[in-house]
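What follows is a set of notes on a single structure, which appears directly below.
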Amino acid sequence: MSAFANAAALNRARSKAYWRLLPLLFISYMIAYVDRQNVAVAKLTMTKDLPGFDNAVIGFGAGIFFLGYFLLEIPGTLMVERWSARKWICRIMITWGLMAGLTAAVRTPTQFYTVRFFLGLAEAGFFPGVVVYLTHWFPSRDRARALATFLVATPFAQIISPKISNELLKIGMNADHPLVLGMRGWQWVYMFWAVPAVLIGFFVIFWLTDKPRHAKWLTPEEREALEAELEREKAQTNRGKRMTLLEALRHPKVLLLALAYFCTVSGSQSIEFFMPSILQSWYDLKLDKLTWLIILPPVLAMICQLAMGWSSDHFKERRWHAIVPILLSATALGLLPQTQGQLVWTMVLLMVAFAGFKAYMPAFWALPTLFLTEVAAAGSIGLINSIGNLGGFFGPSLMGKVESLTGSFAGGLYYLCGSMLVSATVIFSFGLGKKEAVEPHRTGT
C-alpha cells in the first residue's frame with residue numbers, strides 16, 4: 001500500500017471509530033453520571049420524607065459511593081485491558097442500574113449508605129476502563145478530542161437531568177400530583193434513571209468492538225492502517241525499558257497525578273452535590289427556578305470542555321491545558337462565599353467553577369499515556385482514578401459536616417479552593433505534558 005493510500009485508510013478508520021464508538025460511550029457515561037449525582041436533586045424532597053437525613057447524612061452517603069468505587073477500580077480497569085471492554089462495560093451498566101434503582105427503597109441512613117457503597121462497587125472501572133479503551137482505538141493526536149467528547153457527557157447529563165428530575169419530584173406532593181405505584185417523587189428520580197442503564201448495558205455488548213482487528217465495520221486496509229499507527233506509537237512510548245504494572249503503580253508521576261486528581265475531585269464533587277443546596281439555602285428558591293439555574297454552569301462547562309480538548313490536541317500541549325482551568329475553578333470557589341445575597345454573581349462564579357472542573361480533564365487524562373502503555377497504563381489510570389475519587393468521598397463529607405456544624409457553606413468552600421490550588425501546583429511541579437513531549441514520533445519519559 002502506498003503512503004498516500006495508507007494515510008487515506010488511516011483517516012477513514014479514525015473517522016469511523018469516532019462516530020461508531022463515541023456516541024454510545026457518551027450516552028453510557030451520561031446515564032452513569034445521572035445515577036451517581038441525582039441524589040443532589042432528590043435530596044431536596046427526600047430529606048423532608050425521611051427523618052434524620054440532614055446534609056451530613058447526604059454528604060456522607062454521596063461520598064461513600066467512592067469508597068466502593070475505590071476497591072474495584074484497578075481490577076476493573078485491568079479487565080478492560082486483558083479481557084474485554086464491551087463485556088466488562090455491559091456488566092457494569094446492568095449492575096449499576098440495579099443498584100441505582102434500589103436507592104428508591106431506602107428508609108434509614110444505614111440503608112442509604114449501603115446502597116451508595118454498592119453503587120460505587122458496581123460502577124467501578126467504567127470511567128478509567130473507557131480511558132484505556134480509547135487508547136486501543138485513537139492515536140495520541142486524537143486522544144484528547146475523543147476524551148473530551150466522552151467527558152462532555154457529564155455536563156450534558158447535568159443539563160438535561162434537573163428539569164426531568166424536577167417534574168418527577170412533584171409526584172406525591174399534592175392532590176394534583178398523586179403517588180404513582182405508591183412511590184413519591186424522589187423515589188421515581190432514582191427509578192426513572194436506573195432503567196436506561198440496564199437497557200443500554202445489553203446493547204453495549206453487541207455494538208462496541210474491543211480492538212480494531214475485530215472491527216468488521218472497518219475495511220481490511222483501514223484495520224491494518226489503524227493497528228499499524230497504534231503499534232508505532234506504542235513502540236515509541238516503550239522505547240528503552242518496558243514498565244511493569246508494579247513499577248507503574250509506584251512511579252512518582254503516577255502518584256503525583258493521583259494526588260492532583262484527589263484534590264480536584266474533592267472540589268468538583270462537592271460543588272456538584274451541594275450546588276442545589278447552596279442556592280436553596282442562600283436564596284430560598286422554588287424548585288422550578290432552582291432547577292433552571294443549576295443547568296447554567298454545566299452549559300458553559302460543556303462548551304469549555306470540548307474547546308479545551310480540541311485546543312490541547314491542536315497545539316499538542318497538555319500541562320497548561322490542565323492547570324489553567326483548575327486555577328480558574330480555585331479562584332471562583334475562593335470568591336463564592338462573598339457573593340451570598342447577590343444571585344447573579346453567585347451564578348457567574350458557579351459557572352466559572354464548573355467550566356474549570358470539566359475543561360481540565362481531557363488534557364489531564366492524556367498525561368498518563370505519554371509515558372505508559374498497555375497493562376502499565378491501565379493499572380496506573382485505575383490507580384489515579386481510584387485514589388483521586390476518594391476525594392469524592394472526602395470533599396462532600398467535609399462539606400456536609402462543616403455545614404451541619406457551622407450552619408454555613410463558607411468554610412467548606414475555602415477548603416475546596418485550597419485543594420484546587422494544590423492540584424494545580426502538583427501538575428506544574430513535575431512538568432509532564434509540555435508541548436514537545438507530545439510531538440509526533442516523540443515520547444514522554
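The values are calculated or read from the model by the stated rules, or taken from the named source; none is laboratory data. In this text, all values refer to a predicted model and were calculated from it rather than measured experimentally. Cβ: placed from backbone, ideal geometry, glycine included. Neighbour counts: every protein chain shown.
Rundown of residues vs (1) at pLDDT 85 or above; (2) in a helix (DSSP H, G or I); (3) small (Gly, Ala, Ser); (4) over 30 Å from Val57 (Cβ atoms), yes/no style:
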{"site": "Leu349", "(1), (2), (3), (4)": "yes, yes, no, no"}
{"site": "Lys358", "(1), (2), (3), (4)": "yes, yes, no, no"}
{"site": "Thr369", "(1), (2), (3), (4)": "no, yes, no, yes"}
{"site": "Phe394", "(1), (2), (3), (4)": "yes, yes, no, no"}
{"site": "Cys417", "(1), (2), (3), (4)": "yes, yes, no, no"}
{"site": "Gly433", "(1), (2), (3), (4)": "no, no, yes, yes"}
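Applying the set (1) farther than 16 Å from Tyr33 by Cα; (2) surrounded by fewer than 24 Cβ atoms within 10 Å (Cβ to Cβ); (3) among the aromatic types (Phe, Trp, Tyr) to Tyr133 leaves exactly one unmet item: (2).
Taking region 220-335 and the helices (runs of 4 or more DSSP H) fully enclosed by it, the elements with 3 or more residues that are under 13 Å from Phe354 (Cβ atoms) are at 252-283, 296-315, 319-335.
If only residues of region 3-23 that are in contact (Cβ under 8 Å) with a residue 40 or more places away in the chain and of a type outside the set (A, V, I, L, M, F, W, C) are counted, the one that is farthest from Thr135 (Cα to Cα) is Asn6. Out of all the residues in region 90-102, is one or more in contact with a Phe, Trp or Tyr (Cβ under 6 Å, 6 or more places away or on another chain), more than 26 Å from Trp19 (Cβ to Cβ) and not in a helix (DSSP H, G or I)? No - not one qualifying residue is present in region 90-102. Of the residues making up region 76-126, those that are of a type in the set (Ser, Thr, Tyr) and modelled with pLDDT under 90 are Thr77, Ser84. When you check Pro440 against the structure, is it modelled with pLDDT under 90 and either part of a helix (DSSP H, G or I) or on the phi > 0 side of the Ramachandran plot (or both), yes or no? Here the answer is no, as Pro440 does not meet what is asked. Of all residues in region 28-61, those satisfying the criterion of being surrounded by fewer than 17 Cβ atoms within 10 Å (Cβ to Cβ) and touching a residue at least 60 places away in the same chain (Cβ under 8 Å) are Asp49, Asp54. Working only within region 276-324, note down all residues that are free of Cβ contacts under 8 Å to residues at least 12 places away in the same chain and charged (D, E, K, R). Passing the criteria: Asp284, Lys286, Lys289. Of the residues that make up region 180-193, is at least one touching a helix residue (DSSP H, G or I) at 6+ places or on another chain (Cβ under 7 Å), part of a helix (DSSP H, G or I), among the β-branched types (Val, Ile, Thr) and buried (at least 18 other Cβ atoms within 10 Å of the Cβ)? The answer is yes; a qualifying residue exists. All conditions in (1) within 30 Å of Ser408 (Cα to Cα); (2) at pLDDT 85 or above; (3) of a type in the set (Val, Ile, Thr) hold for Val41, with the sole exception of (2). Being at pLDDT below 85, part of a helix (DSSP H, G or I) and surrounded by fewer than 19 Cβ atoms within 10 Å (Cβ to Cβ) holds for only one residue in Asn11, Asn6, and it is Asn6.
Filtered by the rule that a residue be assigned to a helix (DSSP H, G or I) and touching a residue at least 40 places away in the same chain (Cβ under 8 Å), region 106-121 gives Pro109, Phe112, Tyr113, Arg116, Phe117, Phe118, Leu119, Gly120, Leu121. For region 66-76, indicate whether the set of residues that are of a type in the set (Ser, Thr, Tyr), touching a helix residue (DSSP H, G or I) at 6+ places or on another chain (Cβ under 9 Å), over 24 Å from Asn166 (Cβ atoms) and part of a helix (DSSP H, G or I) is non-empty. Yes - at least one qualifying residue is present in region 66-76.
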